[in-house]
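Undergrad: Got a structure for you, questions after.
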Amino acid sequence: MRQRINLMEKGGKAIKAMFGLSGYLAKSELGQPLLNLIYYRVSQINGCAYCLDMHSKDLLAKGEDVQRLLLLDAWREAPLYTDREMAALTFAEELTKIPGGAVSNEVFEIARKEFSEGELIDLTMAIITINSYNRINIAFRTTAGSYQPGKFEVHP
């Protein structure tokens with residue numbers, strides 16, 4: 001598959017605006033490990049090879065357990081994730097897929113039990129952000145495989 005547009009070269013102003021949101025999220029109370037886990041799971045759902053490459057490498061470089069990544073697509077059946085992670089994954093999946101046009105009250109309440117209102121706002125922004133990055137990379141066919149861990153890391 002051939003890349004259609006190099007966003008970093010041709011869309012610097014647009015992507016810089018997105019980086020601002022990523023910088024905000026990197027400083028949130030959610031923490032980078034949870035954010036990267038969410039980014040990876042949403043990228044699995046959307047089939048974004050570039051983001052899967054990026055977030056798997058970032059997670060592994062920061063010490064994430066390989067088994068947790070390998071089983072993430074079936075996380076409900078794997079006893080490897082905390083209640084907080086499972087609540088975030090449930091919320092992320094429903095907000096990404098938007099079944100029936102809404103996030104259900106049940107899923108929202110699961111998330112609400114694990115996250116403060118401020119954290120829920122940040123979690124929602126993180127899910128929206130990775131969905132946007134996924135769609136950009138899918139549209140322009142950003143080439144996967146060459147990402148180096150930490151390349152876009154924002155330090156809180």
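Undergrad: If you rank S56, S22 by fewest surrounding Cβ atoms within 10 Å, what's the result? Walk me through the numbers on the way to the answer.
TA: Working: S56 22, S22 19.
Result, fewest neighbours first: S22, S56.
Undergrad: While we're looking at this one, here's another question. Classify the stretch 12-140 as rounded, prolate or oblate from the Cα gyration tensor: take a ≥ b ≥ c as the square roots of its eigenvalues, call it rounded if a/c is under 1.5, otherwise prolate when a/b beats b/c and oblate if not.
TA: rounded
Undergrad: Work out how much length R135 to R2 would gain on full extension: take 0.36 nm times their residue separation and subtract the Cα-Cα distance, in nm to one decimal.
TA: 46.3 nm
Undergrad: Here's another thing I want to ask about it. If you place +1 on the Cβ of every Lys and Arg and -1 on the Cβ of every Asp and Glu, how big does the dipole about the Cα centre of the stretch 1-80 come out, in debye to the nearest 20?
TA: Numbers: 11 positive and 8 negative charges, 90 e Å.
Dipole about the Cα centre, nearest 20: 440 debye.
Undergrad: Can I ask one more? Give me the extension gain from E9 to F108: residue separation times 0.36 nm, minus the current Cα-Cα distance, reported in nm with one decimal.
TA: 31.7 nm
Undergrad: Just how large is the dipole of the stretch 12-140 about the Cα centre, in debye to the nearest 20, putting +1 at every Lys and Arg Cβ and -1 at every Asp and Glu Cβ?
TA: That gives the stretch 12-140 a dipole magnitude of about 540 debye.
Undergrad: Still on this structure: Give me V103, V66 ranked fewest to most by other Cβ atoms within 10 Å of their Cβ, as a rough exposure proxy.
TA: Neighbour counts put them in this order, fewest first: V66, V103.
Undergrad: Would you work out which of Y39, S104, L89 lies farthest towards the positive end of the dipole of the stretch 12-140, given +1 charges on the beta-carbon of Lys and Arg and -1 on that of Asp and Glu, about the Cα centre?
TA: The one lying farthest along the dipole's positive direction is Y39.
Undergrad: Kindly list the residues of the stretch 80-106 that lie in the label zone of D65, defined by a backbone N under 19 Å from the point 7 Å along the Cα-to-C-beta vector.
TA: In the stretch 80-106, the label zone of D65 (backbone N under 19 Å from the point 7 Å along Cα→Cβ) covers 80-90.
All of the numbers you see were taken from the coordinates with simple rules; none came from a lab. These numbers come from a predicted model, not from an experiment. In this analysis, Cβ positions are derived from the backbone assuming ideal geometry, glycine residues included, and neighbour counts consider all displayed protein chains.
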